[in-house]
Amino acid sequence: KEFENCICVMKEQVRDILVTVGGADENCFLQDMISALENMDSFNFHIVVGAYNKSIKKIRAISDKHTNILVYEHCSDISRLMQNCDVAGSAGGTTIDELWAV
């Protein structure tokens with residue numbers, strides 16, 4: 001239902017990037033990725049952290065140092081977040097279907 005009326009708007013320039021890897025992130029991919037993004041301040045990174053992510057404290061510690069790395073836990077309006085971002089990197093699963101809807 002949340003994705004029924006989404007409107008896709010293509011922007012000329014990428015500024016906001018959504019990153020999500022699912023609920024658990026067993027291999028700590030987000031933590032490693034955020035560490036690699038620390039010096040890329042020309043983009044805003046919107047990081048969705050799943051409920052079972054074991055690295056949340058480390059992810060928060062990194063994001064607290066950078067205004068362009070925004071972390072979302074328990075995101076209740078994922079369709080709006082997806083629509084506000086220019087591109088997305090995602091793990092497979094239902095999220096791919098949701099991204100296609102926006």
Regarding R60, is this residue closer than 17 Å to G89 by Cα and either basic (K, R) or touching a Pro at 6+ places or on another chain (Cβ under 7 Å) (or both)?
no
May I ask you to list the residues in region 3-22 that are surrounded by 14 or more Cβ atoms within 10 Å (Cβ to Cβ) and assigned to a loop (DSSP other than H, G, I, E, B)?
F3, C6, V21, G22
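On the given criteria, is A88 on the phi < 0 side of the Ramachandran plot and either at pLDDT 85 or above or in a helix (DSSP H, G or I) (or both)? Spell out how you get there, then give the answer.
Values: on the phi < 0 side of the Ramachandran plot: yes; either at pLDDT 85 or above or in a helix (DSSP H, G or I) (or both): yes.
The answer is yes for A88.
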Going through region 59-77 one residue at a time, which ones are under 22 Å from E26 (Cβ atoms) and open to solvent by 30 Å² or more (accessible area, probe 1.4 Å)?
R60, A61, Y72, E73, H74, C75
Subset of region 34-78 (residues that are under 20 Å from V14 (Cα atoms) and in a loop (DSSP other than H, G, I, E, B)):
E38, N39, M40, D41, S42, F43, H66, T67, N68
Apart from one, (1) open to solvent by less than 70 Å² (accessible area, probe 1.4 Å); (2) within 13 Å of L30 (Cβ to Cβ); (3) free of Cβ contacts under 8 Å to residues at least 60 places away in the same chain all hold for G89; the odd one out is (3)
Given the conditions (1) in a helix (DSSP H, G or I); (2) touching an Asp or Glu at 6+ places or on another chain (Cβ under 6 Å); (3) among the polar types (S, T, N, Q), which single one is not true for Q31?
(2)
Among (1) surrounded by fewer than 18 Cβ atoms within 10 Å (Cβ to Cβ); (2) within 24 Å of E2 (Cα to Cα) - the single one S35 does not satisfy
(2)
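The values are calculated or read from the model by the stated rules, or taken from the named source; none is laboratory data. Predicted, not measured: the structure shown is a model, and the values here were computed from it. Using ideal geometry, Cβ is built from the backbone for each residue, glycine included, and neighbour counts are taken over all protein chains shown. Heads up: the accessible areas ignore ligands, DNA and RNA and are worked out on the full protein's heavy atoms, side chains in. Shrake-Rupley method; radii C 1.70, N 1.55, O 1.52, S 1.80 Å.
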